[in-house]
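J.: Please read through the structure below; I'll follow up with questions.
Please treat every number below as a calculation from the coordinates, not as lab data. Quick caveat: nothing in here was measured; it's all calculated off a predicted structure. A quick note on method: Cβ atoms are made from the backbone with ideal geometry, for glycine too, and the neighbour counts reach across all protein chains shown.
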Amino acid sequence: MANDYLSIARVANQQINATTWTDITWDTEVSDTAGYFTLAAPTKLLTVPASKAGKFLITTRAIMSGSTNRCLLQYTLFNSSNTQLREVRMPLGYQDNYGTNTAEFTLAVGDYIIFNVWIQYGDGNRGFVANVEMFRIGS
């Protein structure tokens with residue numbers, strides 16, 4: 001099994017409104033050894049290509065600029081028929097501090113993940129940047 005690796009980022013500030021789940025649109029592909037991501041639309045999906053099913057370790061590092069409120073990051077896993085399979089929510093960094101979260105998923109060919117972010121309350125429209133690293137650790 002090859003050591004498949006993906007690294008994508010949200011480099012430009014993305015505005016996040018309070019009390020609304022917002023899809024993260026990734027704008028930078030750092031490395032993608034197996035074709036899990038493309039900058040062509042839609043830029044919010046990580047999709048498992050043919051012959052790449054397996055177990056994955058996904059680490060997200062993110063920051064919500066200036067927010068003193070509770071912030072959450074959500075990974076939502078769908079199968080190739082667009083049926084939601086799993087949802088994982090984790091705390092996110094705030095007040096200009098990075099938060100790092102890791103999850104393990106078993107993914108089939110055609111499965112995809114959408115990442116969302118949420119602020120509990122407040123004035124909203126906070127700037128947000130993040131990166132995701134995904135390693136295929138087993139078949």
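J.: With a point put 7 Å past each Cα toward its Cβ, work out how far Ala53 is from Thr83 in nm, to one decimal.
T.: 1.4 nm
J.: Another question about this same structure. Amide H neighbours of Asp4 under 5 Å, at least 5 residues apart or on other chains, H built in the peptide plane: list them.
T.: Excluding prolines and chain starts, which carry no amide H, the hits are Arg136.
J.: Could you grab the Rg to Rh ratio for segment 5-138? Cα atoms only, Kirkwood for Rh.
T.: 0.96
J.: Going by how many other Cβ atoms sit within 10 Å of their own, how do Arg61, Arg86 line up, fewest first?
T.: Arg86, Arg61
J.: If you rank Trp26, Trp118 by fewest surrounding Cβ atoms within 10 Å, what's the result?
T.: Starting with the residue having the fewest Cβ neighbours, the order is Trp118, Trp26.
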